[in-house]
Amino acid sequence: MKKFFTNIKSIFLRYKILFLLLLTPISLFLIITARLSSGFAEWYSRHILRYTAYIFNNITGIFPFSLIELLIILLIPASIIYIIISIIKIKKSKNPKTTVGLVISIPLCFLSTMLFLFVTNYGISYYRYTFAQVYGLEVRNSTSDELTELCIYLAENANSTRKLLPTENGEMALSISLDDTIKEAKKSYDNISEQYFTLYSGYSTCKKVIFSEVMSHTNTLGVFSPFTFEANINVNINPSTIPFTICHELSHLRGYAREDEANFIAYIVCKNSDSIDFQYSAYIYSLRMSLNKLYSADKEKYNYVYSILSDDVKNDLIAYNSYWSQYKNTVSQISHKVNNIYLQINSQKDGEQSYGRMVDLLLAEYRSNKK
């Protein structure tokens with residue numbers, strides 16, 4: 001009888017491993033289908049991912065800390081323990097080849113499962129209809145005059161909102177606590193969902209990362225985990241960037257994976273927020289991105305726009321550059337290269353430059369508001 005149950009257990013384990021390994025070709029099939037059909041990706045994002053994200057995000061949202069951060073921390077000692085136990089098992093095994101196969105199959109099953117979760121919880125969303133297509137924004141090549149006009153609009157709004165905010169250590173300070181800022185992001189999304197129907201309400205908000213200093217060393221402002229449906233924020237970054245970054249990561253939670261769209265959505269949400277902190281964060285972040293584009297297109301016009309900025313806004317731009325300049329090291333360079341490859345794999349061919357495509361969306365939105 002004992003032998004019988006041992007055989008049953010062996011068969012079950014074998015087929016369980018086979019099933020988990022089959023998740024890899026299933027994942028590839030789903031990604032290829034999404035690449036070939038934006039309609040499928042859009043349908044999946046709206047009708048399946050929307051509810052999956054809602055359910056699991058509200059479950060993980062119960063925990064006040066970042067589950068994905070904890071899991072990453074635990075993964076390191078768990079991997080070391082697994083390696084040690086595996087070596088011991090192989091040495092004691094009467095059939096070393098079978099044991100080695102089993103030892104190798106377990107991490108392969110883990111990776112296969114992670115790939116499947118990434119694809120179904122996030123990867124498919126890279127291929128959905130663009131935000132511009134859904135909301136009728138005309139994205140096209142623009143002149144330097146149009147870009148200058150946009151920059152002046154952002155500069156004027158940055159100047160006016162910055163006057164209403166406090167200054168601390170030479171740069172903008174949040175007018176409310178960080179915890180309240182995080183809560184405000186949820187409120188801002190809940191409000192905007194009435195105007196933009198795909199920016200769903202009812203999700204939990206962002207989580208603070210304990211090891212934020214590590215994130216800074218990798219030049220990471222925030223990160224979204226598709227495995228736990230958590231948006232995470234680096235709490236050490238410049239205060240002026242925090243509201244925008246929170247809203248950027250929360251856009252990923254709502255099924256918008258492309259970085260340019262996540263930036264643009266963050267701009268839309270922050271700009272329409274009731275909080276001055278959020279409004280200013282929208283304008284200062286977008287201004288910085290737009291000025292970088294204008295500098296490349298026409299330095300004379302760039303100098304003019306920069307000259308109309310208030311001293312406080314200029315100081316905030318300087319503080320942003322100063323903060324990140326201290327983290328220019330080998331770790332940050334490797335991080336940028338890895339992120340670049342990751343984005344290119346997911347059909348953002350220009351890699352990290354895709355973040356800058358936000359300006360094209362800003363121009364499209366600015367033109368539509370002028371009509």
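Bear in mind these aren't lab numbers, they're just calculated from the coordinates by the rules spelled out. Note that the coordinates shown come from a computational prediction; the quantities given were computed from them, not determined experimentally. Glycine also receives a Cβ, built like all others from the backbone with ideal geometry; neighbour counts cover every protein chain displayed.
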Inset, instruction - Please work out how much length the chain gains when fully extended from residue 208 to residue 272, using 0.36 nm per residue of separation minus the C-alpha to C-alpha distance, in nm with one decimal. - result: 20.7 nm
Legend entry - Among 135, 152, 56 the positive-end extreme of the charge dipole of the chain (Cβ point charges): 56
Inset, instruction - From zero up to wherever the largest Cα-Cα distance of region 2-127 sits, split into 10 Å bins and tell me the percent of pairs in each. - result: 11, 26, 32, 21, 10, 1
Inset, instruction - Can you tell me the dipole magnitude for the chain around its Cα centre, using point charges on the Cβ only (Lys, Arg +1; Asp, Glu -1), in Debye to the nearest 20? - result: 2620
Inset, instruction - For region 2-127, give the magnitude of the charge dipole about the Cα centre (Cβ charges: +1 Lys/Arg, -1 Asp/Glu; no others), in debye to the nearest 20. - result: 940
Inset, instruction - On a 0 to 90° scale, report how tilted helix 358-370 is relative to the longest principal axis of the chain, with both axes built from alpha carbons and the result rounded to the nearest 10. - result: 50
Inset, instruction - Rank 270, 247, 109 by mean-square fluctuation in a GNM of the chain with C-alpha springs under 10 angstrom and give only the top-ranked residue. - result: 109
Inset, instruction - Compute the normalised compactness of the chain: alpha-carbon radius of gyration over 2.2 N^0.38 Å, N being the residue count. - result: 1.13
Legend entry - Sorted peptide list for 220-226, 54-60, 207-213, criterion being average Cβ within 10 angstrom, highest first: 220-226, 207-213, 54-60
Inset, instruction - Sort 310-321, 275-286, 86-97 for me by packing, meaning the mean count of neighbouring Cβ atoms within 10 Å per residue, highest on top. - result: 275-286, 310-321, 86-97
Legend entry - Residue-span extension gain [residue 89 to residue 70] - 0.36 nm each, minus C-alpha spacing: 4.0 nm
Legend entry - 21 Å Cα-Cα threshold exceeded, pairs from 187/314; 186/370; 183/208; 16/91; 187/271; 183/271: 187/314; 186/370; 16/91
Inset, instruction - Could you state the angle between the C-alpha long axis of helix 178-192 and the longest principal axis of the C-alpha atoms of the chain, as a value from 0 to 90 degrees rounded to the nearest 10? - result: 80
Legend entry - Degrees separating the helix 2-36 axis from the principal Cα axis of the chain, which is the longest one: 30
Legend entry - Rg ratio (alpha-carbon, reference 2.2 N^0.38 Å) - region 93-248: 1.47
Inset, instruction - Determine the calculated [θ] at 222 nm for the chain from helices alone, applying -39500 (n - 2.57) to every DSSP H run no shorter than 4 residues and normalising by the residue count; nearest 500 deg cm²/dmol. - result: -22000 deg cm²/dmol
